[in-house]
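The structure under discussion appears below in the form of structure tokens.
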Amino acid sequence: MQEYIIRRILYTIMTIFAVATILFFIFRVMPGDPTAQVISPALDEAAQARLKEAFGLDKPLIVQYVLYLKNLVTLNWGRSYTTQHEVFGILKYRFWNTIFLMGAAMSFTLVVGAGLGMVMAWKRGSALDVGSTVSALVLQSAPPFVTGILFLMILSYRLDLFPTGGMATPGMRLATGIQMLFSKDFLHHLVLPTITTAFYYLATPMLIMRDSMLEVTGSDFIELAQAKGLSPNRVMMKHAARNALLPVFTVSSVLIGFALGGQVIVEQVFSWPGMGQLMVEAASSHDYPVAQATFLLLAALVIFLNLISDISYCYLDPRISVGGGKH
Amino acid sequence: MNERKIGRREFMKLTGGIIGASMIAGPAAVFAAPKPGAQVDAMKITTATATMDPVRPEVARVCADAFKQIGWEVKADPIDYNLNVQKVIMEHDYDMWFVMLSGASIRIDPNVFIYQVHHSSQYKKGGYNWYGLNDPEIDKVALAQQQEMDIEKRREIVFKAQELCHEAQALTVVAYMQMTTVYRSDRIKNVVPMLGEGTGSFWTDINMEVVQGDGYVRTARPTPLKMLNPVAAKDTTEFMELRMIYDPLFRVGPDGNMVPWAAESYKVVDQLTLDLNIRKGMLWHDGKPLTAEDVKFTFDYCNQWKHPFFYQILKRVESVEITGPHSVRIKLAESYAPFIPNLLGGMFLIPKHVWQDIPEKVDVSDPLNYPNEKPIGSGPFKLDYWDRGREFKVSAFKEHFNPPKCAGIIGIVYGSHDAVAAAIEKGECDRNRYILKPSLLLDLQKVPNVVAKGYPNHGFYSLGYHTRRPPLNDPAFRKAVAHVIPKELIIEAILSGLADPGGSVIAPANKFWHNPSVQSFPEDINKAKKILADAGYTWKSGKLHYPA
């Protein structure tokens, strides 16, 4: 077991290293002069040379790469080419904004998805079952930039129930930390992006839960529980759902990974100052250090989530055995 | 997820193609002279994709279609904008380029459009004469206007230059697009527009008054504030917010003329010497007085650290001498007429007592990497806070000699033009900064209490020709082509009527410098055919052929 965990952690580190390397080179294999991607060609040559010097782009590629790796490990991620702020500081601020939004959206998706899936399986073939399946599939097929804009059009522009975007009302400074999380203004702004994201991913946990529930309800121990005379609700919640949750748990880490990548669009539509918006900004203003760090951080997050789910799985499901161990 | 796949595939194709092409062609591709009597070569109009600007591929297609009327095969070729820049500006590997030369305030002075765009010395990697134009007569006047310090005499030369440039048609100005901006008339009044910037300008910032609310004007922006370092500012959008906090010696006025600002008055002593009187009583935001010391320090500091935006002009400054507590004498190494608008009208004064310690006493080795989070300027606004990626707030600096009429400005970032429009429609914001997409402007015109208009602009959409590639190397051919471009159709159908037909490279909106005798070529196919026939071109079964 321990050996397995150590191996998985080593693989994870190697993957992150590979991603970092690919990221470094991918920006630099763009056609033409690599620095032309960073420094606007509309500047004259002297100005370009000056900026290259300030950003360290006048050094040979291999030197830049070694510096990049060194800085990566020492968490000294350099400064943004556009704002001159330390990349780490920028990321810290943006990272939490994304995590708040993702946290809200994913909790919603998983709780509502799993809950609905459970009830649907229990009442298989009912109007609820069919209706939920169809609507979840429709929502899954509608990309977030469509649903997001529809929500904005109807709930914000027409009915004026929600703000058009951002994290707070213009001119209202956000309190920090916990206070912000529970401020009415922030929660009001959180609603639309949360349900946009949640609706898009809802179908996955819901349908998996439903399938897994159906499988479990056919088992002997459920019949036994029913035969014992337990109430149907108790059987559904305590006996069936508990066991059916495992696959939902597995898929949730993959789902969160996907959602983190898809966050770019939601943040853009709702002007949410998170990592996704930062990625777009950094990429379009040729801000290497910030772009590299955001991509890397997101990649690392997804890889890390996979690691967690792999490892925790062995603890959660005693039937899983790793490293060829025998029961 | 799909986008990513397409991206990768395109990317592979792209890189492969580029590497292949550069191996075959090499940088010095030589074009064969046209075969006399042969059919005129088919060509492409390079332009950006609709993602960047929906107008460009549409116009390129309309032009390509129109050129078929003179028997010339042309195709529109919309590609990623970065590749446009790479192919055209860096490699000069293109036939025709449809592009917008935007109305930045630095382009109000005619030097950019006359000298940088047309002078043969600017045909170099990264230069603005990507047309490859090499016309000795234009070179002569372009240089002369740059060196003439007397503004009236310079104007005459600029008029002459416009005629010559129009005759040469290295580029055809297709349309001067208007600067489309919006504001809420129930929130702010006394809204002063500026040439090229509409109601998002500095002059709007300091003149507008708040009708209702807390005195702060909420300004919506489609892009975030980028930076606060006046020494590292490298493109005009970065100057747009810094100029509220920092003062230059002069400012470009609402109509494009120079307005003395931190310099109260000036005197041209001779072609190479300029005396400036610094306004008395000016204060930095920390309360210390602004003196000639600071002015000299600014020049020296920007020169020493090679300010990326001004370094080229600063090299022409020989010395800055302090002649009194509030006066300096600037000596130039060579006469350079755009000196006042493009250097003194742009470079921000920085306080000596702050910047003399940078970078020594901060944790960066180069001031270009300094974030300057608490900027101390002398401008009419001082910074309250900047929540990165979200919003920033500036408040009026009451001690300024021209204090703003509002309590301050809150700049709010939205994800797109559509979100900006929605915020103004809902009343979350009072006005926008920069241009708003014309289609959104037309929608906002229907909203009560919203003023959505196009304002005069000196920037334009243009079709540029590679003047070293036949048939585009023939001025007569370029002139004929200019008569075929359907300007009216483009303006009405693609630009929503928010533009004016293009003529001179110095737009009519730029009143002082525009030569009114340079008129737009009307769309006239018969005239185009006559020009071609007179130059010896012939048609065989409807296809255009080179002169025999």
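Computed from the coordinates by the stated procedures, all read-outs in this text should not be read as laboratory data. None of the values given here were measured: they were computed from a predicted structure. In this analysis, Cβ positions are derived from the backbone assuming ideal geometry, glycine residues included, and neighbour counts consider all displayed protein chains.
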For A:Ser80, A:Ser132, B:Ser120, what ranking results if the residue with the fewest other Cβ atoms within 10 Å of its Cβ goes first? B:Ser120, A:Ser132, A:Ser80
Sort out for me the Cα centre separation of segment B:135-193 from segment A:261-282, rounded to whole Å. 39 Å
Charge-dipole axis of the protein assembly as shown as Lys and Arg at +1 and Asp and Glu at -1 on Cβ define it, positive-most pick from B:Ala509, A:Leu307, A:Ser285: A:Leu307
Surrounding net charge for B:Ile424, when Lys and Arg each add one and Asp and Glu each subtract one, Cβ distance under 14 Å: +4
Please pull out the direction-averaged projected area of segment A:192-285, using the convex hull of its alpha-carbon atoms, in nm² to one decimal place. 7.2 nm²
Ordering B:285-298, B:52-65 by per-residue average of other C-beta atoms within 10 angstrom, highest first, gives B:52-65, B:285-298
Considering amide H positions built from the backbone, and no H for Pro or chain starts, which residues 5 or more places from B:Met179, or on another chain, come under 5 Å of its amide H? B:Tyr455, B:Asn457
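Give me the orientation-averaged projected area of the Cα convex hull of segment B:295-395, in nm², one decimal.
7.9 nm²
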Dipole of the protein assembly as shown, positive direction: furthest Cα of B:Gly427, B:Leu249, A:Ile9, with charges on the beta-carbon: A:Ile9
Identify, among A:Leu139, A:Gly125, B:Pro338, the residue whose Cα sits farthest towards the positive end of the charge dipole of the protein assembly as shown, taking +1 on the Cβ of Lys and Arg and -1 on the Cβ of Asp and Glu, with the dipole about the Cα centre. A:Gly125
Karplus 3J(HN,Hα) series, Hz, for segment B:403-416 with 6.51 cos²θ - 1.76 cosθ + 1.60 (x for Gly, Pro): x, x, 8, 9, 6, x, 10, 10, x, 10, 8, 10, x, 7
Residue-wise, which Karplus ³J(HN,Hα) couplings in Hz belong to segment B:108-122, taking 6.51 cos²θ - 1.76 cosθ + 1.60, θ = phi - 60°, and x for glycine or proline? 6, 5, x, 4, 5, 6, 8, 7, 5, 7, 10, 6, 5, 5, 8
Using only Cα atoms, locate the centre of segment B:409-457 and the centre of segment B:119-134, then give the distance between them in Å, rounded to an integer. 37 Å
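Rounded to the nearest 0.05, what FRET efficiency do A:Leu61 and B:Ala548 have when you use their Cβ-Cβ distance and R0 = 56 Å?
Efficiency, from the Cβ-Cβ distance: 0.55.
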May I ask which of B:Lys479/B:Lys527; B:Lys87/B:Lys125; B:Lys405/B:Lys437 have a Cα-Cα span longer than 20 Å here? B:Lys405/B:Lys437
What share of the DSSP beta bridges in the protein assembly as shown is antiparallel, in percent to the nearest 5? 80 percent
Ranked from fewest to most other Cβ atoms within 10 Å of their own Cβ, B:Ile278, B:Ile350 fall in the order B:Ile278, B:Ile350
Between beta-carbons, use under 12 Å as the cut-off and find the net charge around A:Val119, counting Lys and Arg +1, Asp and Glu -1. +2
Calculate how many DSSP beta bridges within chain B are antiparallel, expressed in % of all such bridges and rounded to the nearest 5. 80 percent
Cα atoms only: what Rg and Dmax, in Å, come out for segment B:502-548? 16.1, 49
Per residue of B:131-138, how many C-beta atoms from partner chains lie within 10 Å of its own C-beta, taken as a mean? 0
With only helices counted (DSSP H, runs n ≥ 4, each -39500 (n - 2.57)), the per-residue ellipticity at 222 nm for chain B, to the nearest 500, works out to -8000 deg cm²/dmol
Chain A: C-alpha gyration tensor shape, a/c 1.5 cut-off, then a/b vs b/c: oblate
To the nearest 10 degrees, the tilt of helix A:87-122 (Cα long axis) against the first principal axis of the alpha carbons of chain A is 20 degrees
Give a quick list of trypsin sites (Lys or Arg not before Pro) in segment B:197-285 that DSSP marks as loop, anything other than H, G, I, E or B, with at most 13 other Cβ atoms within 10 Å. B:Lys280
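If you place +1 on the Cβ of every Lys and Arg, -1 on the Cβ of every Asp and Glu, and leave all else neutral, what size is the dipole of segment B:334-488 about its Cα centre, to the nearest 20 Debye?
That gives segment B:334-488 a dipole magnitude of about 580 debye.
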Compute the acute angle (0 to 90°) between the alpha-carbon long axis of helix A:45-55 and the principal axis of greatest extent of the alpha-carbon atoms of chain A; round to the nearest 10°. 50 degrees
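Average partner chain C-beta neighbours within 10 Å, per residue of A:276-285?
The shielding value for this peptide is 2.
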Calculate, in whole percent, how much of the Cα-Cα pair population of chain B lies beyond 36 Å. 40 percent
Please report how far the C-alpha centroid of segment B:263-280 lies from that of segment A:98-145, rounded to the nearest whole angstrom. 72 Å
Sum up the charges of everything whose Cβ sits under 15 Å from the Cβ of B:Gly256, counting Lys and Arg as +1 and Asp and Glu as -1, but leave B:Gly256 out. +2
Show me the ranking of peptides B:445-451, B:78-84, B:146-152, B:509-515 by mean Cβ neighbours inside 10 Å, starting with the highest. B:509-515, B:78-84, B:146-152, B:445-451
Can you give the FRET efficiency for B:Ala535 and B:Gln271, using 1/(1 + (r/R0)^6), R0 = 51 Å, r = Cβ-Cβ distance, to the nearest 0.05? 0.75
Give me the angle, in degrees from 0 to 90, between the Cα long axis of helix B:55-67 and the longest principal axis of the Cα atoms of chain B, rounded to the nearest 10. 30 degrees
Amide H neighbours of B:Glu264 under 5 Å, counting only residues 5+ apart in sequence or on other chains, H built in-plane at 1.01 Å? B:Asn277, B:Ile278, B:Arg279
For the protein assembly as shown, the dipole about the Cα centre with charges only on Cβ (Lys and Arg +1, Asp and Glu -1), to the nearest 20 debye, works out at 1440 debye
Using only the alpha carbons of the protein assembly as shown, determine the length spanned along each of the three principal axes and report them from longest to shortest in whole angstroms. 105, 78, 59
By count of other Cβ within 10 Å, fewest leading, how are B:Ser520, B:Ser265 ordered? B:Ser265, B:Ser520
Summing -39500 (n - 2.57) over every DSSP H run of at least 4 in chain A, dividing by its residue total and rounding to the nearest 500, the 222 nm mean residue ellipticity is -23500 deg cm²/dmol
Other chains' Cβ within 10 Å of B:408-419 residues: what's the mean? 5
